[in-house]
Amino acid sequence: MESDNKTHNHSQHPSHKHEIPRLNRAIGQLEGIKKMIEERRYCPDIIIQLKAVQSAIKHIETNILKTHLEECVKSSFSDPEAAKEKINEIKNLLDKLQN
């Protein structure tokens, strides 16, 4: 998913590299699900694995959002206009996460 605002300076953003192993596990799980489907495995088993991937992705999403709030949003508190912008950004993000 691409950001709506292309002007962010990436060097100022926190690193999320610690999430890479969790992403790699999710990718591995997806490959396993693909193989299960190719092998015509039992539907509930596939669904359980899909739910596990969703849970893993949700965990990564939550961690990145927490970091954004703790680092990016927190730094905007000293500037009322920047704070307002960040609040609107979070509102828009929450709207997108619901869909």
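The values are calculated or read from the model by the stated rules, or taken from the named source; none is laboratory data. Because the structure is predicted, anything quoted here is derived from the model rather than measured. Positions of Cβ are backbone-derived with ideal geometry, glycine not excepted, and every protein chain shown enters the neighbour counts.
State all residues of segment 57-86 that are among the small types (Gly, Ala, Ser) and either part of a helix (DSSP H, G or I) or in contact with a strand residue (DSSP E or B) (Cβ under 6 Å, 6 or more places away or on another chain) (or both); if no residue qualifies, say none.
Ser75, Ser76, Ala82, Ala83
Quick check, is Ile60 closer than 23 Å to Ser15 by Cα and β-branched (Val, Ile, Thr)?
yes
Looking only at segment 39-54, count how many residues are surrounded by fewer than 11 Cβ atoms within 10 Å (Cβ to Cβ) and outside any helix (DSSP H, G or I).
Number of matching residues: 3.
Do you know which of the residues in segment 72-99 that are surrounded by 11 or more Cβ atoms within 10 Å (Cβ to Cβ) and among the small types (Gly, Ala, Ser) is farthest from Thr62 (Cα to Cα)?
Step by step, filter segment 72-99, then rank; the result is Ala82.
Report whether or not Leu50 is among the aliphatic types (A, V, I, L, M) and at pLDDT below 95.
no
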